[in-house]
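Below: the structure, in structure tokens.
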Amino acid sequence: MTTFPDGFLWGAATAGHQIEGNNVNSDWWARELTMPGMEPSGDACDSYHRYDEDIALLAEAGLASYRFSLEWSRIEPVPGRFSRAELAHYRRVIDACLTRGVTPVVTLQHFTTPQWFAERGGWLAPDASELFSRYVTETTTILDGVEWVVTMNEPNMQAAIMTAMRRMQQAAGGQWQSPTVEGDGEQQSHSEFLTYADPEIGRTFTAIHRAARDILRARTSAKVGWTIAAGALTAAPGGEEKLREIRYGKEDVYWEGSRGDDFVGVQAYSSQEVDAKGLVPHAPHPDNTLVGTAFRPDALAMAVSHAWETTLGVPVLVTENGIATADDTQRIRYTDEALRGLQAVMAEGIDVRGYLHWSLLDNFEWGHWEPTFGLIAVDRETFARTPKPSLAWLGEVARRNGVVEEVDA
Ligand code: IFM
């Protein structure tokens, strides 16, 4: 039996835009309507209205933590005008967790921003930090009793998306590709520049995060951190220098930015090699995921170890780990192996506080509906939820606080 420490948080994660539906004031909504190659989010999973059912399913399965995000563009649809009704809505989501004994992990910004913020220049505008801080200050009015707050999700991926958007605007007719979907030909070239993030953008994000962290620390008793997309990158022979260069702009500047935080959210899915020319595309393989990445459950342990080293020992919360697959047996096999690897690095002394699976629901994967990451299937016409065997399996792991069964391949 592979056991975890007492009090280890077991749960699942989602994000507002990916599940709520009709997030019409956000930059992503605008983008989905105009960008070639993007499917729209539309009603998504209608979780804006069905959050209680989602949390009930999670809790009944045995999971005790739910990560979800607030939608800035609902709370502040117009600059400086804050909606009390939307803040009250998100307070009801928090209460739906607390009344079921579920620990909420609240993300204040998960990829989307208000469209008005994007139009003013987004994160690189001179007043971006001031505007985000003003929003963060408003959110503190509903965070009573919330123990874990994430200021922003995957700023490193947001930086890469910003770079990609700029490049696509310059290259007329470019097709959008979700940051996680691998492609070939023209599309491959997009995913390549998604990988080259400018470290200066990382420093800008760090300053914005730290300003938000100070506000949250002054006004709440929550633990504060941010979450980082971890590539679990390794060097192919001759790729050591290129690995250091790519990984610095793409990740390490953000891990360094976590120093002094209460925790850091590690989000890992697969691993990839870097050779002297750059990232080596995932080789085709029957086990590859629906986003074209290699089946690499060991990526979680690799990412957690790298985070621990680079942050100089900031406690880790695994805020996302999972697999895009239509085969739920593969999901269980992946998660089982990932958890065994996680436990092994914890046994070496890494302080990991919990594991939140991505995702609770099959949801909108940033321009695509096909990649299904969920523990629960969602009928997109009726919004009926159908738990998959993996939900009960993970719930059982949570109840036992350990991985017990060897899973059939
Ligand atoms: O769906 C995304 C999530 O929004 C951020 N991290 C990676 C997930 C899977 O691609």
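Per-structure values
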{"item": "Residue among Pro36, Pro5 that alone is over 26 Å from Val266 (Cβ atoms) and not small (Gly, Ala, Ser)", "result": "Pro36"}
{"item": "Residue match in segment 23-44 (condition: closer than 30 Å to Arg353 by Cα and either away from the ligand (no atom under 16 Å from the Cβ) or touching a residue at least 24 places away in the same chain (Cβ under 8 Å) (or both))", "result": "no"}
{"item": "Candidate set from segment 97-121 (those that are more than 16 Å from the ligand (Cβ to nearest atom) and open to solvent by less than 10 Å² (accessible area, probe 1.4 Å)); member that is nearest to Leu143 (Cα to Cα)", "result": "Pro104"}
{"item": "Residue match in segment 23-35 (condition: part of a loop (DSSP other than H, G, I, E, B) and under 20 Å from the mean Cα position of the chain (by Cα))", "result": "yes"}
{"item": "Of the criteria (1) open to solvent by 10 Å² or more (accessible area, probe 1.4 Å); (2) within 16 Å of the ligand (Cβ to nearest atom); (3) of a type outside the set (D, E, K, R), which one Thr325 fails", "result": "(1)"}
{"item": "Selection status of Glu192, away from the ligand (no atom under 16 Å from the Cβ), within 23 Å of the chain's Cα centre (by Cα), at pLDDT below 95 and open to solvent by 10 Å² or more (accessible area, probe 1.4 Å)", "result": "yes"}
{"item": "Residue satisfying all of: in segment 1-18; among the hydrophobic types (A, V, I, L, M, F, W, C), open to solvent by 10 Å² or more (accessible area, probe 1.4 Å) and not in a strand (DSSP E or B); nearest to Glu320 (Cα to Cα) among these", "result": "Phe8"}
{"item": "Count - residues of segment 28-45 that are modelled with pLDDT of 95 or more and either among the β-branched types (Val, Ile, Thr) or surrounded by 22 or more Cβ atoms within 10 Å (Cβ to Cβ) (or both)", "result": "4"}
{"item": "Residue within segment 9-16 that is over 13 Å from Thr112 (Cα atoms) and away from the ligand (no atom under 16 Å from the Cβ) present", "result": "yes"}
{"item": "Any hit, segment 361-374, residues being more than 16 Å from the ligand (Cβ to nearest atom) and buried (at least 16 other Cβ atoms within 10 Å of the Cβ)", "result": "no"}
{"item": "Inter-residue pairs, beta-carbon under 7 Å, first under 10 Å from Glu76 (Cβ atoms) and in segment 132-144, second in a helix (DSSP H, G or I) and not aliphatic (A, V, I, L, M), 6+ apart", "result": "Tyr135/Trp72"}
{"item": "All positions within segment 389-409 that are crowded, with 18+ Cβ neighbours inside 10 Å, of a type outside the set (Val, Ile, Thr) and farther than 23 Å from Thr227 by Cα", "result": "Ser390, Leu391, Trp393, Gly395"}
{"item": "Candidate set from segment 330-366 (those that are among the small types (Gly, Ala, Ser) and over 21 Å from Arg296 (Cβ atoms)); member that is nearest to the chain's Cα centre (by Cα)", "result": "Gly354"}
{"item": "Condition check for Ala85: more than 16 Å from the ligand (Cβ to nearest atom), open to solvent by 20 Å² or more (accessible area, probe 1.4 Å) and under 19 Å from the mean Cα position of the chain (by Cα)", "result": "no"}
{"item": "Complete set of residues in segment 234-254 that are within 25 Å of Phe373 (Cα to Cα) and away from the ligand (no atom under 16 Å from the Cβ)", "result": "Thr234"}
{"item": "Segment 132-144 - residue that is in contact with a helix residue (DSSP H, G or I) (Cβ under 6 Å, 6 or more places away or on another chain) and of a type outside the set (Val, Ile, Thr) and, of those, surrounded by the fewest Cβ atoms within 10 Å (Cβ to Cβ)", "result": "Ser133"}
{"item": "From Ala377, Ala301, residue being more than 24 Å from Arg50 (Cβ to Cβ) and in contact with a Leu (Cβ under 9 Å, 6 or more places away or on another chain)", "result": "Ala301"}
{"item": "Entirely in segment 224-322, the strands (runs of 3 or more DSSP E) that have 2 or more residues that are open to solvent by less than 10 Å² (accessible area, probe 1.4 Å) and closer than 26 Å to Val136 by Cβ", "result": "264-268, 316-321"}
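The values are calculated or read from the model by the stated rules, or taken from the named source; none is laboratory data. Source: prediction; values computed, not measured. Glycine gets a Cβ as well: all are built from the backbone with ideal geometry, and neighbour counts include every protein chain shown. Note: areas computed on protein heavy atoms with side chains; ligands, DNA, RNA excluded. Shrake-Rupley method; radii C 1.70, N 1.55, O 1.52, S 1.80 Å.
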